[in-house]
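A.B. asks: My questions will all concern the structure given below.
Every number in this text was worked out from the coordinates using simple rules, so none of it is lab data. This one's a predicted model, so the numbers in the text were calculated from it and none came from an experiment. Using ideal geometry, Cβ is built from the backbone for each residue, glycine included, and neighbour counts are taken over all protein chains shown.
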Amino acid sequence: MITSILEAIENENGKAKPTHILYKANLSHKLMKSYLNELKGKGFIKENKEDKNIILTETGTRFLSELRKMKRFIESFGL
């Protein structure tokens, strides 16, 4: 789920409305809010209070990049 949320934001040029994230990540509103709070707490995203956009931070971008590297590594061994 976390990957889906971060990728949904990344695919919107690093910022997305919560509704867009909700649909792209296929989450309920309650579950989405829970994940967004967790991601904010870890510094992966931040919220722009003015336009309500969720913004992917540098930390979130690095996390997503490292996660993709791990996935490619695992796939290289056919797992």
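A.B. asks: Would you work out which of 35, 6, 56 lies farthest towards the positive end of the dipole of the chain? Charges go on Cβ: Lys and Arg +1, Asp and Glu -1.
C.D. replies: Of the options given, the answer is 35.
A.B. asks: Ignoring everything except DSSP H segments at least 4 long, calculate the 222 nm mean residue ellipticity for the chain; use -39,500 (n - 2.57) per segment, divide by total residues, nearest 500.
C.D. replies: When only DSSP H runs of four or more count, the value is -19000 deg cm²/dmol.
A.B. asks: Oh, and also: Around residue 44, which amide H atoms from residues at least 5 apart in sequence, or from another chain, sit under 5 Å from its own amide H, with H modelled in the peptide plane?
C.D. replies: Here nothing satisfies the definition.
A.B. asks: Quick one: 9, 55, 45, 74, fewest Cβ neighbours within 10 Å first, how do they rank?
C.D. replies: Working: 9 29, 55 15, 45 25, 74 10.
So the ranking, lowest neighbour count to highest, is 74, 55, 45, 9.
A.B. asks: Cut-off is 10 Å between beta-carbons; in what order do 1, 70 appear when sorted fewest neighbours first? Don't jump to the answer; show the numbers that get you there.
C.D. replies: Numbers: 1 13, 70 9.
Listed from fewest to most nearby Cβ atoms, that is 70, 1.
A.B. asks: Can I ask one more? When only C-alpha pairs under 8 Å and at least 6 residues apart count, what is the relative contact order of the chain, in percent? Before the final figure, lay out each step's value.
C.D. replies: Numbers: 71 pairs, mean separation 23.8, N = 79.
About 30 percent, as a whole number.
A.B. asks: Still on this structure: Quick one: order 67, 79 by neighbouring beta-carbon count within 10 Å, fewest to most. List each step's numbers first, then the result.
C.D. replies: Working: 67 14, 79 6.
If I rank by nearby Cβ atoms, fewest first, I get 79, 67.
A.B. asks: Taking K and R as +1 and D and E as -1, what net charge do the other residues with C-beta under 14 Å from the C-beta of residue 37 add up to?
C.D. replies: Working: positive: 30, 33, 40, 42, 46; negative: 38, 47.
That sum, taken over residues with Cβ under 14 Å, equals +3.
A.B. asks: Name the chymotrypsin sites (Phe, Trp or Tyr not before Pro) in the range 1-77 that are in a loop by DSSP and that have at most 11 other C-beta atoms within 10 Å, would you? It would help to have the intermediate numbers written out before the result.
C.D. replies: On the way: sites: 23, 35, 44, 63, 73, 77; in loops: 44, 77.
Here the chymotrypsin sites (Phe, Trp or Tyr not before Pro) that fit, given the DSSP loop and packing criteria, are 77.
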